[in-house]
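Here the structure comes first, spelled out in structure tokens, and everything after it is commentary.
The values are calculated or read from the model by the stated rules, or taken from the named source; none is laboratory data. These figures come from a predicted structure and were not determined experimentally. A quick note on method: Cβ atoms are made from the backbone with ideal geometry, for glycine too, and the neighbour counts reach across all protein chains shown. Protein only, heavy atoms only, side chains kept; ligands, DNA and RNA dropped before computing areas. Shrake-Rupley method; radii C 1.70, N 1.55, O 1.52, S 1.80 Å.
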Amino acid sequence: MELLPRGRARLTDAKYGAPFEGLRDLHLEDSPHHVHLDLGRLTKAWYVVTPSVCYGFRPSFELRLTVEAGDPLVDFGLGLALSHPYVDGQLRPDIVKRYLRRAAEHAHQFPAVASCVCASQLSTPAVRTDWSVLDDLLSNLGNEHPDGALSVREALQGRKMIAHQST
């Protein structure tokens, strides 16, 4: 199921007893729907840059939560994506830069929990342009969180070597 909130969301405290102990509700302000989450089980945060069918297989920028040994490319419990990373066919560097900065901050502050991964990309003119913009953004990420920035840079620059294999 894909939820597209247009406003804010509110996460409740744990409010259920056994067998649903640990579940919390994520209420979407502008929607009658809500999501049940067990954040006690989703212990890893992955910043994932991967081709998305939604964008014609151009990069999507997501935060995916997984269990400890989960593969963020397939086994994630919750995925949150940047909204509208492209406008008029162009990558929006302002929001992607914020995403990359947040990934670097989290990789630096929480190295045991936050990681970055990039799935291989198709090589089309649009995708090559996107990666050129990403490379520029990465080189200008600065020294705010050098360890985290290095982690993000290594994951994204290693993109040609990281190809997800379905089992």
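Quick notes
- Restricting the search to strands (runs of 3 or more DSSP E) fully inside the range 14-72 and requiring at least 3 residues that are touching a strand residue (DSSP E or B) at 6+ places or on another chain (Cβ under 6 Å) and open to solvent by less than 50 Å² (accessible area, probe 1.4 Å) gives 24-28, 44-52, 58-66.
- Count - residues of the range 78-105 that are touching a strand residue (DSSP E or B) at 6+ places or on another chain (Cβ under 8 Å) and open to solvent by 50 Å² or more (accessible area, probe 1.4 Å): 4
- Subset of the range 73-89 that is in a strand (DSSP E or B) and in contact with an Asp or Glu (Cβ under 9 Å, 6 or more places away or on another chain) - its residue that is farthest from Ser123 (Cα to Cα): Gly77
- Checklist (1) surrounded by 13 or more Cβ atoms within 10 Å (Cβ to Cβ); (2) closer than 17 Å to Val152 by Cβ; (3) touching a residue at least 24 places away in the same chain (Cβ under 8 Å); (4) out of contact with any Ser or Thr (no Cβ under 7 Å at 6 or more places or on another chain) applied to Pro111, failing item: (1)
- Test result for Gly22, on the phi > 0 side of the Ramachandran plot and more than 19 Å from the chain's Cα centre (by Cα): yes
Residue-by-condition table, conditions (1) in contact with a Ser or Thr (Cβ under 7 Å, 6 or more places away or on another chain); (2) polar (S, T, N, Q):
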site: Pro19; (1), (2): no, no
site: Gly22; (1), (2): no, no
site: Lys44; (1), (2): yes, no
site: Thr66; (1), (2): no, yes
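- Total residues in the range 1-31, condition at pLDDT below 75 and of a type outside the set (D, E, K, R): 6
- For Cys54, the criteria (1) modelled with pLDDT of 90 or more; (2) under 20 Å from Ala119 (Cβ atoms); (3) of a type outside the set (Gly, Ala, Ser); (4) out of contact with any Ser or Thr (no Cβ under 6 Å at 6 or more places or on another chain) hold in every case but one, which is (1).
- Selection count where residues are part of a helix (DSSP H, G or I) and out of contact with any Gly (no Cβ under 9 Å at 6 or more places or on another chain), scope the range 101-119: 1
- Residue that is among the hydrophobic types (A, V, I, L, M, F, W, C) and more than 16 Å from Cys54 (Cβ to Cβ), where the choices are Val87, Val74: Val74
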